[in-house]
Amino acid sequence: MSFGSLARQMWHQIEPVHATLYFSPEAFEEAAGLGYDVISRWPSYFAWRTAPLGAVRSRLAAATYYSFSPAMIADHVPGIWATATPGQVLDARLRAVDRTLQMLLGDSTGDLKEAAELAVRAAESIQIAHRPLAAANLDLSWPDEPHLALWQAYTVLREHRGDGHLTALQAAGLDACEALVSFASVGAAPVANFAGRGWSSEEWAAARERLASRGLIDSEGSATAAGQALRDQVERHTDDLAAGPWRALGEAAAERLAHLNRPLLGAVFESGMLPATSTLGIGKIRVPA
């Protein structure tokens, strides 16, 4: 197995665990306790993900998120820091993760000690160049509790992959809105799911026209053979850029981590808290059999 393929397999293991932060009732309760409006999930989403960078302003946040409309990000950043400081957000983030994982696993969190050690080893091996969100999360102190250290290591690895995905999109010549249009064109998610990214109908239509002029989508907005090939290229490039920590950890240790992670992953899916189709991740999440 190539390490690019292993990176994709491990992403399927860690992304759902990381993503519980954005959907669990416990996380929304913690966000509301800080004073965030939780009728929409976006204020807390931007706070949770951006806090490791510090009290950044909108353009830096937009640079790290890429496929969100900069105008939408400016609606939230830097305003989220008037509600709570990054330090307060990070403290609440750990409380949210603690409560969420405790709820999912009950009394079995102690079984994650070995998993946390493996995940932390992989996370600490990353190359941080051009990986701002991964590096910012790696700068945080490791929690003592194994389930929290595991989640934080997964977050570093998830953001490492995400940072690399933005590089792959740019290398493919896809700007921020085009990246979403091309993603929708291959059936990754219904177009309606992308409305939350903040692009206007005019911006979406203009991106479609640009991709059509390159022969990447047809008049119905579906990917042409060239468009599908480009998306496949982006995913392969993303996998290759994500391979480093799994190469450092080794295939046997990665397989051991996947085995140890299985009860937690299963609990996440059994909880039903994650949407069946989401645009938060990179590609499609595979539900384990």
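The values are calculated or read from the model by the stated rules, or taken from the named source; none is laboratory data. Remember, it's a predicted structure, so these values are computed and weren't measured experimentally. Glycine gets a Cβ as well: all are built from the backbone with ideal geometry, and neighbour counts include every protein chain shown. All accessible areas refer to the heavy atoms of the entire protein, side chains included, with ligands and DNA or RNA removed. Shrake-Rupley method; radii C 1.70, N 1.55, O 1.52, S 1.80 Å.
Only one of the numbered conditions (1) in a helix (DSSP H, G or I); (2) surrounded by fewer than 23 Cβ atoms within 10 Å (Cβ to Cβ); (3) within 19 Å of the chain's Cα centre (by Cα) is violated by Q102, and that is (3).
Can you pull out the residues in the range 187-203 that are part of a helix (DSSP H, G or I), open to solvent by 40 Å² or more (accessible area, probe 1.4 Å) and either among the aromatic types (F, W, Y) or in contact with a Cys (Cβ under 6 Å, 6 or more places away or on another chain) (or both)? Step through it out loud before you land on a result.
Here is the first cut: in the range 187-203, the ones part of a helix (DSSP H, G or I) are 191-197, 201-203.
Keeping just the survivors that are open to solvent by 40 Å² or more (accessible area, probe 1.4 Å) gives 191-193, 195, 201-203.
Listed by number, the list holds a single entry, E203.
Might you check whether a residue that is buried (at least 18 other Cβ atoms within 10 Å of the Cβ) and either polar (S, T, N, Q) or assigned to a loop (DSSP other than H, G, I, E, B) (or both) occurs anywhere in the range 112-119? So far as the range 112-119 goes, no, none of its residues is buried (at least 18 other Cβ atoms within 10 Å of the Cβ) and either polar (S, T, N, Q) or assigned to a loop (DSSP other than H, G, I, E, B) (or both).
Would you be able to say whether some residue in the range 126-146 is among the acidic types (D, E) and within 14 Å of W48 (Cα to Cα)? Taking every residue of the range 126-146 in turn, none turns out to be among the acidic types (D, E) and within 14 Å of W48 (Cα to Cα). Report yes if A212 is within 14 Å of A172 (Cα to Cα) and either open to solvent by 30 Å² or more (accessible area, probe 1.4 Å) or part of a helix (DSSP H, G or I) (or both), otherwise no. Answer is no for this residue.
Listed conditions (1) under 30 Å from A206 (Cβ atoms); (2) part of a loop (DSSP other than H, G, I, E, B); (3) open to solvent by 20 Å² or more (accessible area, probe 1.4 Å) are all met by Q127, apart from (1).
Applying the criterion of being open to solvent by less than 20 Å² (accessible area, probe 1.4 Å) and hydrophobic (A, V, I, L, M, F, W, C) to the residues of the range 28-52, the residue that is farthest from the chain's Cα centre (by Cα) is A31.
Among the helices (runs of 4 or more DSSP H) confined to the range 1-93, the ones with at least 2 residues that are modelled with pLDDT of 95 or more, within 20 Å of A242 (Cβ to Cβ) and not β-branched (V, I, T) are located at 3-19. With the structure loaded, tell me whether L140 is in a helix (DSSP H, G or I) and either surrounded by 17 or more Cβ atoms within 10 Å (Cβ to Cβ) or hydrophobic (A, V, I, L, M, F, W, C) (or both) or whether it fails that test. No, not satisfied.
For the range 21-74, give me each residue that is among the acidic types (D, E) and over 22 Å from A136 (Cβ atoms).
Going through the range 21-74, the residues among the acidic types (D, E) turn out to be 26, 29-30, 37.
Once the filter is applied, which keeps residues that are among the acidic types (D, E) and over 22 Å from A136 (Cβ atoms), the range 21-74 yields E26, E29, D37.
Residues in the range 8-27: is at least one closer than 25 Å to H130 by Cβ and surrounded by fewer than 19 Cβ atoms within 10 Å (Cβ to Cβ)? Taking every residue of the range 8-27 in turn, at least one turns out to be closer than 25 Å to H130 by Cβ and surrounded by fewer than 19 Cβ atoms within 10 Å (Cβ to Cβ).
Among the residues of the range 81-92, write down those that are in contact (Cβ under 8 Å) with a residue 40 or more places away in the chain and open to solvent by 10 Å² or more (accessible area, probe 1.4 Å). Break it down into steps so the answer makes sense when it comes.
Filtering the range 81-92 down to residues in contact (Cβ under 8 Å) with a residue 40 or more places away in the chain leaves 83-84, 88-90, 92.
Passing the criteria: T83, Q88, L90.
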